[in-house]
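In what follows, a single structure is set out as structure tokens and then discussed.
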Amino acid sequence: MDSLLIKGGTPLRGEVTVSGAKNAVLPIMAATLLTPEKCVIRRVPDLSDVQFMGQILASLGAKVSVNGDTVTVQAGKIKPFGDYDLIRKMRASICILGPLLGRLRHSRVSLPGGCVIGTRPIDLHLKGMEALGAKLTVEGGYVDAKAKRLIGTDIFLGGRAGPTVLGTANVMMAAVLADGVTTIESAACEPEVVDLAFFLSSMGARISGAGSPTITITGVKELHGVEHEVIPDRIEAATFAIAAAATGGEVTIHGARPDHMSAVLDKLRDAGVRVERKGLTLSVRRNGTLRPVDVTTQPYAGFPTDVQAQMMVLMAMTPGLSIITERIFESRFMHVSELARLGAEVSIEGPSAIVKGGRPLSGAPVMASDLRASAALVIAGLSARGSTLVNRIYHLDRGYEKIDQKLRGLGARIQRVEQP
Ligand code: EPZ
């Protein structure tokens, strides 16, 4: 099992290019199940989650080939049920439920298991499938959805924490081949949902309102193959921006979509970070002493929960008090105790973390618990005095393409080490 050994204290300097968005490519790969024709997806990041999705599609009968950052899928003859051993490895695999039901009128998918960041139920996904006319049975850890016909209808998809991203994606993918019109209310507005709607529309689907809380889908008889380039990863771009600010460096991020990152860039500016946007390029530079800012995670276009941990590191290094409130997932503070090992002073009060910032961090061995927590530990290690060993980085490889190489390109002293 690999770990990352980081020698901290070097300001990051130089240029980096972001990869395609993990959270756009996963539902788009699932959407290829909606047509027997060939689909070509470009700017696909080389991540373990993408490999898992490829294996899942292949286990359903699709032909999947990878050539550099291009993935080609042809879901000619497919079957309605996915393999538990594959699906349990990645929650996002739940988004094969909608396309299989849409195309085959039958889908049997294992229920995603537990997750350290929260209970993460799929009740809203199932509510959407039932509303379209599917009969559901949940048994033996599987949900079985069957429908003679899928009929368009109005579906309210708001839940405890607001809209659901993959739930919106799943219902959209089931509704594109349904009879009649479906209206999704309280739909997620994330750029990844918009990219999926764009992909489906290029396949011949009729969708309007993606990016707003109301999405309207007029069902069609069939969909065709398509070529598509996924959007850049706004969470990866935000991670590099925060790493630049935390290390006191100056970094230019290429291939980003700054318009997808407004809430994060706004908070960085409030904290005293210099941020310049030019087209698809972002320049980030720490300008003197940082200022503490309060952050509350929200559905898009609010501050993303996937950047909460990284922002906590920046606030741990900033003199003064800041409050970070997590409103999307109920237990997404796993990184707090590991940051404390590096000297950060953070206490938890219900959904909020009170960060007493300013104490210099010092290197130590730490353990990654989930994808974004591991990114935060890497930023902390880069900013700390001495050496930090981040263990269990398989979490990191799920969502960051070649992050150690990219960071070395910015002058970081970081290397992958094999652990016994
Ligand atoms: C997507 O997960 C992302 N994953 C997550 O990114 C991201 O954190 C999340 O959206 C929120 O932005 C992918 O796109 C693959 P949700 P998703 O359904 O769709 C509750 C990362 O780090 N809920 O929008 O699974 C749920 O428990 C990952 O890249 C229900 O109650 O998240 C949560 O509290 C982590 N019932 C809230 O809604 C449901 O049926 C939002 O979850 C569905 C969700």
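Tabulated values for the structure
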{"quantity": "Conditions (1) buried (at least 19 other Cβ atoms within 10 Å of the Cβ); (2) away from the ligand (no atom under 12 Å from the Cβ); (3) free of Cβ contacts under 8 Å to residues at least 60 places away in the same chain; (4) assigned to a helix (DSSP H, G or I); number of the one not met by S201", "calculated": "(1)"}
{"quantity": "Counted residues, the stretch 95-108 - those being in contact with a Ser or Thr (Cβ under 9 Å, 6 or more places away or on another chain) and open to solvent by less than 40 Å² (accessible area, probe 1.4 Å)", "calculated": "6"}
{"quantity": "From R291, R285, R269, residue being part of a strand (DSSP E or B) and open to solvent by 40 Å² or more (accessible area, probe 1.4 Å)", "calculated": "R285"}
{"quantity": "Selection from the stretch 286-310 of residues that are of a type outside the set (D, E) and closer than 18 Å to V18 by Cβ", "calculated": "Y300, P304, V307, Q310"}
{"quantity": "Candidates G152, G128 - the one that is within 13 Å of the ligand (Cβ to nearest atom) and in contact with a strand residue (DSSP E or B) (Cβ under 8 Å, 6 or more places away or on another chain)", "calculated": "G128"}
{"quantity": "Matching residues in the stretch 84-94 - criterion: being surrounded by 15 or more Cβ atoms within 10 Å (Cβ to Cβ) and within 12 Å of F52 (Cβ to Cβ)", "calculated": "L86, I87, R88, K89, M90, R91, A92, S93"}
{"quantity": "Selection within the stretch 97-106 - within 16 Å of the ligand (Cβ to nearest atom) and either touching a strand residue (DSSP E or B) at 6+ places or on another chain (Cβ under 6 Å) or aromatic (F, W, Y) (or both)", "calculated": "L97, L101"}
{"quantity": "Filtered residues of the stretch 405-418 (kept if assigned to a strand (DSSP E or B), under 16 Å from A375 (Cβ atoms) and open to solvent by less than 60 Å² (accessible area, probe 1.4 Å))", "calculated": "I414"}
{"quantity": "Qualifying residue in the stretch 300-308 (condition: closer than 25 Å to S347 by Cβ, within 17 Å of the chain's Cα centre (by Cα) and hydrophobic (A, V, I, L, M, F, W, C))", "calculated": "yes"}
{"quantity": "Residue match in the stretch 147-167 (condition: farther than 30 Å from K402 by Cβ, out of contact with any helix residue (DSSP H, G or I) (no Cβ under 6 Å at 6 or more places or on another chain), at pLDDT below 90 and not in a loop (DSSP other than H, G, I, E, B))", "calculated": "no"}
{"quantity": "Members of the stretch 109-126 found to be free of Cβ contacts under 8 Å to residues at least 24 places away in the same chain and either surrounded by 13 or more Cβ atoms within 10 Å (Cβ to Cβ) or closer than 11 Å to I94 by Cα (or both), listed by number", "calculated": "P121, L126"}
{"quantity": "Wholly enclosed helices (runs of 4 or more DSSP H) of the stretch 305-404 bearing at least 3 residues open to solvent by 40 Å² or more (accessible area, probe 1.4 Å) and out of contact with any Ser or Thr (no Cβ under 7 Å at 6 or more places or on another chain)", "calculated": "335-341"}
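The values are calculated or read from the model by the stated rules, or taken from the named source; none is laboratory data. Computed from a prediction, not measured in an experiment: that's the story for all the values here. All Cβ positions, even for glycine, are placed from backbone atoms using ideal geometry, and neighbour counts span all protein chains on display. These area figures cover heavy atoms from the full protein model, side chains too; ligands, DNA and RNA do not enter into them. Shrake-Rupley method; radii C 1.70, N 1.55, O 1.52, S 1.80 Å.
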